[in-house]
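Nothing in this text is a laboratory measurement; each read-out follows from the coordinates by a stated rule. None of these values were measured; they are calculated from a predicted model. No Cβ is skipped: glycine too gets one built from the backbone with ideal geometry, and neighbour counts run over all protein chains shown.
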Amino acid sequence: MLQTTLDDVLVRVRDQLEQDDLAGAVALIESLRSPDQAELFAELDEADQTALLPQMSPGDSADILEELEDDEAARLVDSLTPDALARIVDEMEPRVLLVRYEDD
């Protein structure tokens, strides 16, 4: 996606978050391709990431975690409830889980 378009979506997501419209922010993020979702997600502050990730579909949440740097993904995983984490992990690629486990 063109950077200007991604920047425009980021502005719109932040506007939704300022209005406490998590559903609107989630809809905007989920309309993007996985790599763009992760790039946009990485630009959000930690509180917004923590609020948004469990509201997203498990598949999109898994895609975002797979695209993020390991330390960013680990920080987000630590903020999830066990139920939310289980739903997301069910959607992750087994090879990603194995590589992340082996790195520990």
Gaussian network model of the chain, springs between alpha carbon atoms under 10 Å - residue of Leu53, Leu80, Leu65 with greatest fluctuation: Leu80
Sparsely packed trypsin sites (Lys or Arg not before Pro) within the range 1-83, loop by DSSP, other Cβ within 10 Å at most 13: Arg33
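Please report, in cubic angstrom per residue, the volume enclosed by the convex hull of the alpha-carbon atoms of the chain. Please report the intermediate quantities before stating the final value.
On the way: hull volume 9.7 nm³, N = 104.
About 93 Å³ per residue, rounded to a whole number.
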With a point put 7 Å past each Cα toward its Cβ, work out how far Thr81 is from Asp20 in nm, to one decimal. 1.9
Fully extended, how many nm does the chain gain between Asp8 and Ser57 (0.36 nm per residue separation, minus their Cα-Cα distance)? 15.4 nm
Please tell me the relative contact order of the range 3-103 in percent, rounded to the nearest whole number, where contacts are Cα pairs under 8 Å and at least six residues apart. 23
